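Okay, so here's the structure we're looking at.
Bear in mind that the values in this text are calculations on the coordinates, not laboratory data. Note that the structure is a prediction, hence the values are computed from the model and not measured. All Cβ positions, even for glycine, are placed from backbone atoms using ideal geometry, and neighbour counts span all protein chains on display.
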Amino acid sequence: MIEFLFSQYKDYPNYLIVLELIAVGFGIISVLFAKKNNILVYPTGLVSTLIFVYILLEFQLYGDLIINIYYSIMSILGWYLWSRTKNGADEFPISMMTKKDFTISLLIFVVTLLFVVFVYLFFNKFTDWTAYVDALTTGLFFVGMWLMAKRKVENWILWIVADVISVPLYFHKGLTFSSLQFSIFTILAILGYLEWKKLLHKPI
């Protein structure tokens with residue numbers, strides 16, 4: 001079983017394995033902070049995403065590379081939005097999506113999907129089924145990250161769907177630790193959704 005899960009790492013440089021482990025660790029810590037509605041989700045997440053930018057560039061996984069560059073930018077935006085207060089209360093408290101949020105989310109998804117398809121076509125990387133799935137998950141993750149920055153409960157639903165898809169996807173790509181990370185993310189996203197629903201209805 002161990003051989004099946006981790007055999008692909010035998011040909012990887014040790015520093016890439018260490019970097020992936022660090023990125024996975026900080027990624028899990030970040031989601032735990034997100035679950036608790038704690039602003040530390042962003043600085044810890046930044047450590048993870050910036051490391052993954054480097055790793056994914058090495059593996060030429062351009063869709064995932066774009067995701068992590070976007071994550072890094074959105075982490076800075078989310079960090080800023082979550083730190084803002086008005087009259088002593090959060091300016092962007094936990095809330096449900098509005099029609100405007102849905103429209104913007106749909107627009108982000110479509111634009112992201114088209115952009116990733118363009119990138120894969122440009123680099124002639126539509127050679128495997130993973131490219132199509134990668135384009136889909138990129139769109140889902142982009143919308144999920146934007147909704148998290150806006151503290152919308154529905155962000156967790158998108159994380160759950162995208163994380164479930166990413167488990168076999170990353171394993172197939174040869175990144176077993178990342179695949180295990182997405183397994184953990186799926187569980188944490190379900191718990192995060194339930195936690196935020198409770199916080200949404202909690203009396204102020």
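Step through the table entries LYS36/LYS125; LYS173/LYS197; LYS125/LYS197; LYS35/LYS86; LYS86/LYS198; LYS100/LYS173, compare each Cα-Cα distance with 31 Å, and write down the pairs that go over it. Kindly include the intermediate steps, with their values, before the conclusion.
Values: LYS36/LYS125 39 Å; LYS173/LYS197 34 Å; LYS125/LYS197 40 Å; LYS35/LYS86 23 Å; LYS86/LYS198 22 Å; LYS100/LYS173 36 Å.
Exceeds cut-off: LYS36/LYS125; LYS173/LYS197; LYS125/LYS197; LYS100/LYS173.
Using the basic label-point model (7 angstrom from Cα toward the beta carbon), what is the SER183 to VAL111 distance in nanometres?
Reported label-point gap for SER183 and VAL111 is 3.7 nm.
Mind listing the phi-derived Karplus ³J(HN,Hα) values for the stretch 18-34, rounded to whole Hz, using 6.51, -1.76 and 1.60 with θ = phi - 60°, and x for any glycine or proline?
Calculated HN-Hα couplings, in order: 5, 4, 5, 4, 5, 4, 4, x, 5, x, 5, 4, 4, 5, 4, 5, 4 Hz.
Counting pairs of Cα atoms in the stretch 107-152, how many percent are more than 12 Å apart? List each step's numbers first, then the result.
On the way: 626 of 1035 pairs.
Cα-Cα pairs in the stretch 107-152 separated by more than 12 Å: 60 percent.
Where does each of THR176, THR138 land when they are ranked from fewest to most other beta-carbon atoms within 10 angstrom? Show your work: numbers first, answer last.
Numbers: THR176 17, THR138 25.
By the 10 Å Cβ count, ascending, the order reads THR176, THR138.
Take the Cβ-Cβ distance between HIS172 and ALA89 as r, set R0 to 30 Å, and report the resulting FRET efficiency rounded to the nearest 0.05. Let's see the in-between values first.
Numbers: r = 45 Å, r/R0 = 1.52.
Efficiency at R0 = 30 Å is approximately 0.10.
Would you please report the Å³ per residue occupied by the convex hull of the alpha carbon atoms in the chain?
Values: hull volume 23.1 nm³, N = 204.
Roughly 113 Å³ of hull volume per residue.
I need the per residue convex hull volume for the stretch 96-186, using only the alpha carbons, in cubic angstrom as a whole number.
Residue-normalised Cα hull volume stands at 87 Å³.
Using C-alpha positions alone, give me the convex hull volume of the stretch 18-71 per residue in cubic angstrom.
Working: hull volume 3.3 nm³, N = 54.
Spread over its residues, the Cα hull of the stretch 18-71 gives 61 Å³ apiece.
Using the Cβ atoms and a cut-off under 13 Å, what net charge is assigned to the surroundings of ALA23, where Lys and Arg are +1 and Asp and Glu are -1?
Residues near ALA23 contribute -3 overall.
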